[in-house]
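Some notes on the structure that comes next.
The values are calculated or read from the model by the stated rules, or taken from the named source; none is laboratory data. Keep in mind that what you see is a predicted model, and the values were worked out from it rather than measured. Here Cβ is always computed from backbone atoms with ideal geometry, including for glycine, and neighbour counts include all displayed protein chains. The protein model used for the area step is the full one, side chains on, heavy atoms only, and it has no ligands, DNA or RNA in it. Shrake-Rupley method; radii C 1.70, N 1.55, O 1.52, S 1.80 Å.
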Amino acid sequence: MGVAFGRAGGLVPAIVQDDRTQEVLMLGFMNEALRETQRTGEVVFFSRSRNRLWRKGESSGHVLKVRELRIDCDKDALLVRVEPIGPGVCHEGYRSCFFRRLDDDGSTTVIAEPTFSPQQVYGKAGPQ
């Protein structure tokens, strides 16, 4: 039995985790992107904002090499264990997209240091 794509409008969440450090790096969504990820060995997502498949790192060069794919007990979420190539995965310049802590009062606190300059990587317009 495969992934239950039908439960969430054809998309399943894919949690990306560094295979070596166990750090959660980002969350993306997959549909046919899963087949492309399996075919290429590099993480491919479905970009909801671009409405197309998007290979992580296609703009930055910060690709994610797949080490292992896992599926949850309900078969409607994926864990993608990766070897990150590059200094970070977040388009804001951090190693992880989870660089802010949500505090009890609802405010957020940055808890990590930037690992690269988005302006240098993406140019003035930012990632497309």
Candidate values (i) 42; (ii) 37; (iii) 77, label of the one derived for percent of Cα pairs over 21 Å apart: (i)
List HIS62, HIS91, ordered by accessible area with a 1.4 Å probe, largest first: HIS91, HIS62
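Working out 0.36 nm times the residue gap between GLU83 and ILE111, then minus their Cα-Cα distance, what length gain in nm do you get to one decimal?
On the way: separation 28, 0.36 × 28 = 10.08 nm, distance 2.24 nm.
Using 0.36 nm per residue and subtracting the Cα-Cα distance, I get 7.8 nm.
Within 10 Å, count the other beta carbons around each residue, average over each peptide in 38-48, 105-115, and list them highest first.
Result, highest mean first: 38-48, 105-115.
Roughly speaking, to the nearest percent, how much of region 13-128's 1.4 Å accessible area is carbon and sulfur? Walk me through the intermediate numbers first.
Working: 3280 of 6800 Å².
Carbon and sulfur: 48 percent of the exposed surface of region 13-128.
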Exposure rank, largest accessible area first [ARG52, ARG95; 1.4 Å]: ARG52, ARG95
Inter-label distance for ARG20 and LEU102, nm, one decimal - labels placed 7 Å from Cα along Cα-to-Cβ: 3.1 nm
Cα-based Rg and Dmax for region 5-60, where Dmax is the largest Cα-Cα distance (Å): 11.5, 32
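Rounded to the nearest 500 deg cm²/dmol, what is the calculated helix-only ellipticity per residue at 222 nm for the chain, with -39500 (n - 2.57) per DSSP H run of length n ≥ 4?
Numbers: 2 runs with 13 residues, N = 128.
For the chain, the value works out to -2500 deg cm²/dmol.
Relative contact order for region 22-92: what is it in percent, counting Cα pairs under 8 Å that are at least 6 residues apart?
Values: 100 pairs, mean separation 16.3, N = 71.
Worked out over region 22-92, it gives 23 percent.
Assign unit charges at the C-beta atoms only (+1 for Lys and Arg, -1 for Asp and Glu), then state the dipole size of the chain relative to its Cα centre in Debye, rounded to the nearest 20. Show your work: numbers first, answer last.
Working: 18 positive and 17 negative charges, 106 e Å.
With Lys and Arg at +1 and Asp and Glu at -1, about 500 debye.
Just reorder CYS97, CYS73, CYS90 by solvent-accessible area, largest first, 1.4 Å probe, all chains present. Numbers along the way, then the final one.
Working: CYS97 50, CYS73 125, CYS90 5 Å².
Result of the area sort, largest leading: CYS73, CYS97, CYS90.
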Where the chain is the region considered: accessible area per residue in Å², 1.4 Å probe: 59 Å²
